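The values are calculated or read from the model by the stated rules, or taken from the named source; none is laboratory data. From a predicted model like this one, the values you see are computed outputs, not experimental measurements. Note that we place each Cβ from the backbone using ideal geometry, even for glycine, and neighbour counts take in every protein chain shown.
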Amino acid sequence: MECADLKETPMLTLSIHLAAAIRGYLAFYMPTNRLVDLLRTPRGLKWAVPVALVTVPVYLFAMSVCATVVERGGQGYLNVLVLLFAWNALKFASVALLTPLRGLQLAIAHRTGRVTYASPRD
């Protein structure tokens, strides 16, 4: 039984390190991830809902345009853009929905004296 545990531990460690590296790469180089991180900070909370109200319809419109082009005989690789636009729309919609909860969490933290921030960039 111990041999199986020793073989699984390096695999688990490798997968955790790989996931952390991918997350770090995507958080740094993808502009929407950087914007979402900024909107989660205490200073960015006031802008989260207005930004989401603008970006979600734009991403959904871009998604529908790409899907229409593909449906009418366009290049198949545009399906990747359809998925990307859908993912970004969901990402910003979730930020808009969770902003009031984050604001409430920060207000409670200020009252109790335990202020924590969501992002190390703040």
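Any residue at all in segment 103-111 that's part of a helix (DSSP H, G or I), under 20 Å from the mean Cα position of the chain (by Cα) and at pLDDT 95 or above? No, because not a single residue in segment 103-111 is part of a helix (DSSP H, G or I), under 20 Å from the mean Cα position of the chain (by Cα) and at pLDDT 95 or above.
Residues checked against (1) surrounded by fewer than 10 Cβ atoms within 10 Å (Cβ to Cβ); (2) within 28 Å of Gln105 (Cβ to Cβ); (3) out of contact with any Asp or Glu (no Cβ under 9 Å at 6 or more places or on another chain):
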site	(1), (2), (3)
Gly24	no, yes, yes
Pro31	yes, yes, yes
Leu39	no, yes, yes
Pro42	no, yes, no
Leu45	no, yes, yes
Phe61	no, no, yes
Val65	no, no, yes
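Scanning segment 40-81 for residues that are aliphatic (A, V, I, L, M), at pLDDT 90 or above and closer than 30 Å to Pro100 by Cβ returns Ala48, Val49, Val51, Ala52, Leu53, Val54, Val56, Val58, Leu60, Ala62, Met63. Evaluating Glu71 against the criteria (1) within 18 Å of Pro31 (Cβ to Cβ); (2) out of contact with any helix residue (DSSP H, G or I) (no Cβ under 9 Å at 6 or more places or on another chain) leaves one unmet condition, (1).
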